[in-house]
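Undergrad: Sharing a structure with you now.
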Amino acid sequence: ETVTSSFASFIHGVRPEHLSKTVRRRSKRMILDSIGVGLVGSTTHVFDIALQYCRELYSSVAVSSVYGKPGVKLSPTLAAFTNGVATHSMDFDDTWHPATHPSGAVLPALLAASQMLPPSTKPNGMDFLLAFNVGLEVQGRLMHFSTEAHDIPKR
């Protein structure tokens, strides 16, 4: 089995009932923390640079929100990037060793992607938590098998 097929099998097999009460509670806290850090980060100079850059890129699908900027919409890809910059700009986002900030990458992408879906297919709260946790798990597994990540010292 290849790494890709292993990931695909894992992702396809995960169900909401696989999330324990503790995982659901911690996930909600991580999401709230990440949004809060992202909102604070949306006041930084580096965020302003990223947002200006993304606004200059053409996109016909501007449907996804930008942290701290009511009414501003970008394409899902650019919104995920910009909100990821906001989340990590002050380096207060969560950490998982080896060397990753999981929520800052997963949550902005998940929020942006969910905003582009038609109303009839938008995820409910449990689906969102499941997708968030799958994203964290995939990122963690990728980092676990990265030899370069293990060379980064723990802080």
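Every read-out reported here was derived from the displayed coordinates using simple, explicitly stated rules and does not represent laboratory data. Note that the structure is predicted; figures quoted are calculated from it, not measured. Here the Cβ positions follow ideal geometry from the backbone for every residue, glycine too, while neighbour counts run over all protein chains shown.
Undergrad: For segment 6-17, give me each residue that is over 13 Å from residue 135 (Cβ atoms), in contact (Cβ under 8 Å) with a residue 12 or more places away in the chain and part of a helix (DSSP H, G or I).
TA: Keep residues of segment 6-17 that are over 13 Å from residue 135 (Cβ atoms), which gives 6, 8-9, 12-13, 15-17.
Going one step further and asking which of them are in contact (Cβ under 8 Å) with a residue 12 or more places away in the chain, we end up with 15-16.
Within segment 6-17, just 16 meets the criteria.
Undergrad: Given the condition in contact with a Leu (Cβ under 7 Å, 6 or more places away or on another chain), touching a residue at least 24 places away in the same chain (Cβ under 8 Å) and either of a type in the set (Val, Ile, Thr) or over 24 Å from residue 26 (Cβ atoms) (or both), answer yes or no: does some residue in segment 136-145 qualify?
TA: no
Undergrad: Hey, does segment 118-132 have a residue that's loosely packed, with under 15 Cβ neighbours inside 10 Å and either touching a residue at least 24 places away in the same chain (Cβ under 8 Å) or more than 30 Å from residue 20 (Cα to Cα) (or both)?
TA: Looking for residues that are loosely packed, with under 15 Cβ neighbours inside 10 Å and either touching a residue at least 24 places away in the same chain (Cβ under 8 Å) or more than 30 Å from residue 20 (Cα to Cα) (or both), one finds at least one in segment 118-132, hence yes.
Undergrad: Related question: Could you please let me know if residue 71 is small (Gly, Ala, Ser) and at positive phi?
TA: Taking the combined requirement at face value, the residue satisfies it.
Undergrad: Moving to a separate point now. For residues in segment 127-153 being aliphatic (A, V, I, L, M) and more than 16 Å from the chain's Cα centre (by Cα), which is nearest to residue 4 (Cα to Cα)?
TA: At the first step, the residues of segment 127-153 found to be aliphatic (A, V, I, L, M) are 129-131, 134, 136, 138, 142-143, 149, 152.
Subset that is more than 16 Å from the chain's Cα centre (by Cα): 149, 152.
On the way: 149: 19, 152: 25 Å.
Going through the qualifying residues, I end up with 149.
Matching residues to (1) without any contact (Cβ under 8 Å) to a residue 24 or more places away in the chain; (2) in contact with a Leu (Cβ under 6 Å, 6 or more places away or on another chain); (3) surrounded by 13 or more Cβ atoms within 10 Å (Cβ to Cβ):
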position	(1), (2), (3)
52	yes, no, no
67	no, yes, yes
72	yes, no, yes
78	no, no, yes
85	no, no, yes
105	no, no, yes
109	no, no, yes
